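Colleague: Here it is, the structure in full.
The values are calculated or read from the model by the stated rules, or taken from the named source; none is laboratory data. All figures in this text were calculated on a predicted structure; none of them were measured in a lab. Positions of Cβ are generated from backbone atoms using ideal geometry, with glycine treated the same way; all protein chains shown enter the neighbour counts. In case anyone asks, the SASA skips ligands and DNA or RNA and just uses the protein heavy atoms, side chains included. Shrake-Rupley method; radii C 1.70, N 1.55, O 1.52, S 1.80 Å.
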Amino acid sequence: MRHGDTGRISYRGQLDDALSPMGWAQLRTAVAGRHWDAIVASTLRRCAAFATELAARRGLPLRLDARLAEYHFGEWQGMPIETLQTTSPDALHAYWSDPVRFPPPGAEPFAAFRERLSAALDEIAAESHGRRVLVLTHGAAIRLLRCLVEGRDFGEMAGIPVDHASLHPLAWPPAGR
């Protein structure tokens, strides 16, 4: 599941934003009537705060895992996409078409992002013992994980819709891995 709205429109990356009131409402609505046996969440506030509330309210085990943090967008972190479309349109297009070869300036290496997310999901799957686990994380993280599970090229990430407070059921590990 992706975190709710923060009221900020840009590549937030690893900036530690709080949820907006709308973000809290989005998440509460999204989980209504749904059931999990445990919760694992990113340590960034926009995930951890809601995960902590939900776990306490439902009496579920909670683990916060820094490996589930959002991609670090380097120099683009906190920059509105509209600004990048004006100041760096070629670099932005190249990133969207091939994030592995054309990361943002100063960004986290894409292979490191993939490895830390995969390691976190491997551990969650190993510990789950058939239980349903809600993993609360971020947009780019979900896009990357969906590419892995669905056998997609990472250049398709930008076209995968991941709305705030959206759920994305994933069977882990990916087939053939």
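Colleague: Name, by its number, the condition in (1) touching a residue at least 12 places away in the same chain (Cβ under 8 Å); (2) surrounded by 14 or more Cβ atoms within 10 Å (Cβ to Cβ); (3) not in a strand (DSSP E or B) that does not hold for ASP163.
Modeller: (2)
Colleague: So ALA69 fits all but one of (1) under 28 Å from GLY23 (Cα atoms); (2) out of contact with any Ser or Thr (no Cβ under 7 Å at 6 or more places or on another chain); (3) at pLDDT 95 or above; what number is the exception?
Modeller: (2)
Colleague: In the stretch 144-156, what residues are closer than 21 Å to ILE124 by Cβ and part of a helix (DSSP H, G or I)?
Modeller: LEU144, LEU145, ARG146, CYS147, LEU148, VAL149, GLU150
Colleague: Answer with yes or no whether ALA91 is touching a strand residue (DSSP E or B) at 6+ places or on another chain (Cβ under 8 Å) and not acidic (Asp, Glu).
Modeller: Working: touching a strand residue (DSSP E or B) at 6+ places or on another chain (Cβ under 8 Å): no; not acidic (Asp, Glu): yes.
When the stated conditions are applied, ALA91 does not pass them.
Colleague: If you don't mind, another one. Being of a type in the set (D, E, K, R), assigned to a helix (DSSP H, G or I) and in contact with a helix residue (DSSP H, G or I) (Cβ under 9 Å, 6 or more places away or on another chain) is the filter; apply it to the stretch 1-49 and report the residue that is farthest from LEU144 (Cα to Cα).
Modeller: Restricting attention to the stretch 1-49, the residues satisfying the condition of being of a type in the set (D, E, K, R) are 2, 5, 8, 12, 16-17, 28, 34, 37, 45-46.
When the remaining residues are screened for being assigned to a helix (DSSP H, G or I), the result is 28, 45-46.
The next check asks that each one be in contact with a helix residue (DSSP H, G or I) (Cβ under 9 Å, 6 or more places away or on another chain); those that pass are 28, 46.
Working: ARG28: 25, ARG46: 19 Å.
Going through the qualifying residues, I end up with ARG28.
Colleague: What is the residue count in the stretch 50-103 for residues that are farther than 18 Å from PHE154 by Cβ and not in a helix (DSSP H, G or I)?
Modeller: The number of residues fulfilling the criteria is 13.
Table: residues versus (1) over 21 Å from ASP5 (Cβ atoms); (2) of a type in the set (Asp, Glu); (3) open to solvent by 60 Å² or more (accessible area, probe 1.4 Å).
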{"site": "PRO61", "(1), (2), (3)": "yes, no, yes"}
{"site": "LEU68", "(1), (2), (3)": "no, no, no"}
{"site": "THR86", "(1), (2), (3)": "yes, no, yes"}
{"site": "ASP98", "(1), (2), (3)": "yes, yes, no"}
{"site": "LEU136", "(1), (2), (3)": "no, no, no"}
{"site": "ALA141", "(1), (2), (3)": "no, no, no"}
{"site": "VAL149", "(1), (2), (3)": "yes, no, no"}
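Here is a yes/no grid of residues against (1) at positive phi; (2) of a type in the set (Val, Ile, Thr); (3) open to solvent by 50 Å² or more (accessible area, probe 1.4 Å):
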site: GLY13; (1), (2), (3): yes, no, no
site: ALA32; (1), (2), (3): no, no, yes
site: SER42; (1), (2), (3): no, no, no
site: ALA48; (1), (2), (3): no, no, no
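Colleague: Let me ask something else about it. Hey, among the residues in the stretch 128-141 that are at pLDDT 95 or above and assigned to a helix (DSSP H, G or I), which one's nearest to ALA30 (Cα to Cα)?
Modeller: GLY139
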